[in-house]
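Each value in this text was obtained by applying a stated rule to the coordinates, not by laboratory testing. Predicted model only: the values in this text are computed from it and were never measured. All Cβ positions, even for glycine, are placed from backbone atoms using ideal geometry, and neighbour counts span all protein chains on display.
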Amino acid sequence: MSEQRSSTGRIRGTGRRRRKPSRGRRTRNVALWAGAAVVVVGGSGLGYAYLTLNGNIEAVDIDAALGADRPHDVDDGSQDILVLGSDSRSGANSAYGADEGAARSDTAMVVHVDKGHTSADVVSVPRDTLVDRPACTSDTTGREVGAESKAMFNTAYEVGGPACAVKTVEAMSGIRMDHYVEVDFTGFKKIVDELGGVRITTAQAIDDSHSHLRLDPGTHTLTGEQSLGLVRTRKSVGDGSDLGRIQLQQAFVKALMAQAKGVGVFSSPKTLFGLADTATKAVTTDSGLASVKKLTGFANGLKGLGPKNVDMVTLPVEYDPADPNRVLPQEEAGRQLWAALAHDRPIPASATARSAGDKGDAGEVVR
């Protein structure tokens, strides 16, 4: 299939067009299961389905935006994917607050799939981490954005869009991102609902006035709206920090993976097409995934992954002595973590042993 490029650098596969969605997008396993659904539909010979799904896909050309000034591309079969969810309040997301004119990356995960595609490591990057943000070119305005020392990590997306977020992660890690996936509030909800909800068990009551989530202790099948509330919950669990919220998000991602495997996606063409249609509308990807054919190849390497062979950690951080609402990367521990991913090795326990990221006290709330 051919591609068309807009004046902003966004790419859309040819086929049936839809209204351009808002700029933000949200959560990790969308890429895996959207792609897995596309594999079967795209390979079934249903031309209408192929054209419909291909026309849904929205993309940004990260390679063109960043050029050659990037880490070396290690071609060993492993893959590194930056997955972002934004806090955009524009368009259909306005129910979650006023639109302040710019979205930030509310959730960020670096997903490393090993070269055998038998396991994956997921590194959550706290949005309040203070980093040295490199200079970049905004992929929405085309303007140069200057470098900034000790900038909040989530401002990279705000000032420069996906390309600036990718460049910031690559500067932090020394690892080239092979792909980029982004989902927003509304898309996240629709995917969960298309799956029939996600089953979780809470060890304690959750009553959060900010995320509007109220759950008694016990087992629940969460709707899309409730799932969004869970991954936004912060004040009412653990120590009330963003680090605690990340622990909730990680537990939810594993539950989402289990649900996707259990709903009979591949045995029901109707379920499969519905999920693929919803998911391809919900995500923005890099141009390397911007067609059904490209997603097919990507998903073929990921569809065997399940909750038991995905290890989830948080970037090693410590609270900033000057501001308890911000965190600083632990440099030596961070080097251990990124070196493990770069060399396709398991992340050593020593890399996260002293991190505040494992002390959000919300890790046992959801399972």
Legend entry - Centre separation in Å (Cα based) which lies between segment 224-239 and segment 299-351: 22
Legend entry - Sorted peptide list for 155-164, 339-348, criterion being average Cβ within 10 angstrom, highest first: 155-164, 339-348
Inset, instruction - State whether segment 130-185 is rounded, prolate or oblate according to the following rule on the C-alpha gyration tensor (a ≥ b ≥ c being the square roots of its eigenvalues): a/c under 1.5 gives rounded; otherwise a/b larger than b/c gives prolate, and the remaining case gives oblate. - result: rounded
Inset, instruction - Starting with the highest mean, order 198-204, 256-262 by the number of other Cβ atoms within 10 Å, averaged over the residues of each peptide. - result: 256-262, 198-204
Inset, instruction - Please tell me the relative contact order of segment 189-268 in percent, rounded to the nearest whole number, where contacts are Cα pairs under 8 Å and at least six residues apart. - result: 30
Inset, instruction - With a Förster radius of 30 Å, plug the Cβ-Cβ distance of Glu225 and Asn325 into 1/(1 + (r/R0)^6) and report the FRET value to the nearest 0.05. - result: 0.60
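Go ahead and run the numbers for FRET between Asp132 and Asn300, Cβ-Cβ distance against an R0 of 51 Å, rounding to 0.05. Don't skip to the answer; put the middle values down first.
Working: r = 37 Å, r/R0 = 0.73.
Efficiency, rounded to the nearest 0.05: 0.85.
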Legend entry - Cα-projected label distance for Glu144 with Ser119, points at 7 Å along beta-carbon direction, nm: 4.5
Inset, instruction - Could you list which residues have their amide H under 5 Å from that of Leu222, counting only those 5 or more apart in sequence or on another chain, with H placed in the peptide plane? - result: Val198, Arg199, Ile200
Legend entry - Proximal lysines relative to Lys254, as straight alpha-carbon distance under 26 Å, when same-chain residues fewer than 8 apart are discounted: Lys115, Lys189, Lys190, Lys235, Lys270, Lys281, Lys294, Lys303, Lys308, Lys359
Inset, instruction - Return the distance in nm (one decimal) between the two label points of a simple spin-label model at Gln336 and Ala258, each offset 7 Å from Cα along Cα→Cβ. - result: 2.9
Legend entry - Segment Leu51-Arg214, length gained on full extension (0.36 nm per residue, minus Cα span): 54.6 nm
Legend entry - For segment 55-63, 3J(HN,Hα) per residue [Karplus equation, 6.51 cos²θ - 1.76 cosθ + 1.60, θ = phi - 60°, Hz, x = Gly/Pro]: x, 6, 6, 10, 9, 10, 8, 5, 4
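When ranked by the protection proxy of mean other Cβ atoms within 10 Å per residue, highest first, what sequence do the peptides 307-315, 231-239 form?
Numbers: 307-315: 18.1, 231-239: 20.7.
Answer by packing, highest mean first, reads 231-239, 307-315.
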Legend entry - In order through segment 304-319: 3J(HN,Hα) via Karplus (6.51 cos²θ - 1.76 cosθ + 1.60), integer Hz, x for Gly, Pro: x, 6, x, x, 6, 10, 10, 9, 10, 9, 10, 3, x, 9, 9, 5
